[in-house]
Amino acid sequence: MSKLASSLLSRVSHDLHESKQAPVNSPGHDDPVVTEGAGAQTKSGKTATLAWAARTDVGLVRSHNEDSFLAQAPTFAVSDGMGGHAAGEVASAIAVATIAEHAPAHADDLLLGAAIESANSAVIEGAITGKGKTGMGCTASAVHIELNKMAVAHVGDSRVYLLHNGALVRLTHDHSYVEELVDAGEITADEARVHPSRSVITRALGSDPDMYADHFTIDVSAGDRVLLCSDGLSSMVEDSQIEAIAVSSATPQAAVDNLVAAALQEGGHDNVTVVVVDVVDDGVMDLHRRYYLKRFVTVALLIVGIVAALFVAAMLFVRNSWYVGVNGDTVAIYHGVNASLFGQDLYALSETSAVQVKDLPDAMQQSLRDGIVVGSEAEAQATIKSYHDQIEADKVHAQQIADKSTSGTQTSQENPAVPKADGETTEGPEEEAAPGEAAEEEFVDEGGE
Ligand code: MG
């Protein structure tokens with residue numbers, strides 16, 4: 001709790017410091033700004049796809065306005081300052097100026113969050129260099145709308161709402177003590193709005209160099225109304241009433257005027273700042289849609305054309321392919337390739353032969369089962385003929401060996417081999433040695449010993 005307490009930033013000191021100084025609002029815009037007395041400003045404008053109005057008011061209790069807004073289409077922001085006289089308004093002014101300077105070129109919420117983080121560094125530096133005061137800080141909620149995309153980034157309890165099809169949806173989650181109590185189920189949203197600690201925020205610009213912004217991107221469409229506000233509106237006016245006013249106000253200017261008036265009617269206890277942006281469609285978005293549709297159709301047709309060309313090329317390849325394979329027990333010629341596509345065979349039997357697969361060597365049999373690719377039907381026929389010729393030649397050779405074997409057997413039967421003393425046989429019968437010769441050999445052997 002002590003860590004939380006040290007990080008909490010409170011705006012309860014606002015009314016201790018009074019000033020007649022006009023609010024510091026975003027620089028860098030060309031639209032006329034109408035100042036309606038100290039602490040009040042309004043501004044409006046229009047582009048091809050957006051119409052907006054912004055209004056800030058000091059309220060009925062406080063003497064100076066510490067809120068700032070940025071209306072630099074397509075980037076819009078609200079910042080609620082804190083820190084007392086010559087501090088809160090400086091912090092919020094630094095924040096919106098830095099966000100304007102670092103605003104992304106497209107609806108990139110990561111870069112929009114980075115812009116808020118740059119604003120945090122700028123506020124901290126401003127306190128150090130004496131632009132403001134030590135301890136000053138602020139909230140920051142920003143949007144960047146690009147056609148049908150809206151990037152959102154925020155820190156603190158200034159809110160972003162979206163009115164879509166007549167229903168108001170809060171897009172941001174407050175970084176506040178009471179929001180944590182609501183999340184924990186300890187109080188309701190209505191109780192949070194009047195809670196004594198409703199001004200205590202848990203994340204803000206100006207204190208922590210490592211502070212980070214929440215950010216995300218959502219889709220928007222023509223007819224949507226985006227609303228940014230400080231807690232001077234959301235703490236004084238219920239969401240249901242905000243919705244009713246947003247729905248019933250014809251223009252952004254009417255919406256901001258009516259919303260600020262409602263906050264003042266409820267007591268105006270805080271500075272009130274409201275920015276309303278309408279997503280409009282005067283043909284530009286339709287042009288973009290047609291451009292993207294045309295590009296999509298072109299790419300789709302290109303892909304279909306490439307696929308069709310590949311299919312035709314594959315079919316031509318199949319139609320001009322031949323291979324020698326197996327059909328049952330015999331060798332056959334096939335037209336196509338030995339494969340299937342989506343369950344369809346890419347080959348057809350063209351011709352069978354009398355060559356038996358079993359008469360071929362084992363390795364050849366396996367190659368035939370895989371399919372032996374040849375360049376043409378004639379080449380396939382020649383290949384089978386070579387198998388046939390080889391088998392016939394092998395048969396003749398085998399027959400010759402068999403005949404020779406048979407002939408040799410018959411000769412042996414007529415003139416059987418004579419076993420030698422060690423069991424081997426001789427090529428033919430030897431003449432029996434004369435008894436005298438045998439006796440002589442025996443004599444020599446003995447004499448040799
Ligand atoms: Mg406030």
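The values are calculated or read from the model by the stated rules, or taken from the named source; none is laboratory data. Keep in mind that what you see is a predicted model, and the values were worked out from it rather than measured. Cβ atoms come from the backbone with ideal geometry, glycine included; neighbour counts cover every protein chain shown.
Key figures
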read-out: Among the residues listed as 314, 308, 300, the single one being surrounded by 11 or more Cβ atoms within 10 Å (Cβ to Cβ) and outside the structural domain of residue 386 (by TED's automatic domain parsing); value: 314
read-out: Output for the range 62-85, where each listed residue is more than 11 Å from the ligand (Cβ to nearest atom) and assigned to a loop (DSSP other than H, G, I, E, B); value: 63, 64, 73, 74, 83, 84, 85
read-out: Residues of the range 126-152 that turn out to be closer than 18 Å to residue 203 by Cα, away from the ligand (no atom under 16 Å from the Cβ) and modelled with pLDDT of 95 or more, as a count; value: 2
read-out: Qualifying position, being among the hydrophobic types (A, V, I, L, M, F, W, C) and under 27 Å from residue 214 (Cβ atoms), among 48, 86, 40, 122; value: 122
read-out: Number of the condition not met by residue 152 [criteria: (1) under 26 Å from the mean Cα position of the chain (by Cα); (2) without any contact (Cβ under 8 Å) to a residue 24 or more places away in the chain; (3) part of a strand (DSSP E or B)]; value: (2)
read-out: Residue list for the range 204-231, filter: in a loop (DSSP other than H, G, I, E, B), in contact (Cβ under 8 Å) with a residue 24 or more places away in the chain and either away from the ligand (no atom under 15 Å from the Cβ) or among the acidic types (Asp, Glu) (or both); value: 207, 208, 209, 211, 212, 213, 220, 221, 222, 223, 224
read-out: Filtered residue count, the range 329-355, keeping only those that are of a type outside the set (A, V, I, L, M, F, W, C), in contact (Cβ under 8 Å) with a residue 24 or more places away in the chain and farther than 16 Å from residue 382 by Cα; value: 3
read-out: Within the range 160-193, considering residues that are hydroxyl-bearing (Ser, Thr, Tyr) and in a strand (DSSP E or B), the one surrounded by the fewest Cβ atoms within 10 Å (Cβ to Cβ); value: 161
read-out: Residue match in the range 223-236 (condition: assigned by TED's automatic domain parsing to the domain that holds residue 171, surrounded by fewer than 18 Cβ atoms within 10 Å (Cβ to Cβ) and of a type in the set (A, V, I, L, M)); value: no
read-out: Residue 99 being within 26 Å of the chain's Cα centre (by Cα) and among the β-branched types (Val, Ile, Thr); value: no
read-out: Test: residue in the range 79-98 that is at positive phi, touching a helix residue (DSSP H, G or I) at 6+ places or on another chain (Cβ under 7 Å), modelled with pLDDT under 95 and surrounded by 20 or more Cβ atoms within 10 Å (Cβ to Cβ); value: yes
read-out: Sole residue being on the phi < 0 side of the Ramachandran plot, touching a Gly at 6+ places or on another chain (Cβ under 8 Å), among the β-branched types (Val, Ile, Thr) and surrounded by 11 or more Cβ atoms within 10 Å (Cβ to Cβ), chosen from 391, 372; value: 372
read-out: Where residue 104 falls short, out of the listed (1) of a type outside the set (Gly, Ala, Ser); (2) in contact with a His (Cβ under 9 Å, 6 or more places away or on another chain); (3) within 16 Å of the ligand (Cβ to nearest atom); (4) modelled with pLDDT of 95 or more; value: (3)
read-out: The range 194-203, subset closer than 17 Å to residue 153 by Cα and part of a loop (DSSP other than H, G, I, E, B), residue farthest from the chain's Cα centre (by Cα); value: 202
read-out: All strands (runs of 3 or more DSSP E) inside the range 311-400 with 1 or more residues being at pLDDT below 90 and under 57 Å from the mean Cα position of the chain (by Cα); value: 330-341, 344-356
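Listed here are the residues, each with its yes/no results for (1) away from the ligand (no atom under 16 Å from the Cβ); (2) outside any helix (DSSP H, G or I); (3) charged (D, E, K, R).
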position	(1), (2), (3)
240	yes, no, no
254	yes, no, no
259	no, no, no
263	no, no, no
273	no, yes, no
276	yes, yes, no
292	yes, no, no
295	yes, no, yes
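Residues checked against (1) farther than 28 Å from residue 75 by Cβ; (2) modelled with pLDDT under 95:
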residue: 216; (1), (2): no, no
residue: 221; (1), (2): no, yes
residue: 226; (1), (2): no, no
residue: 274; (1), (2): no, no
residue: 278; (1), (2): no, no
residue: 287; (1), (2): no, yes
residue: 294; (1), (2): yes, yes
residue: 304; (1), (2): yes, yes
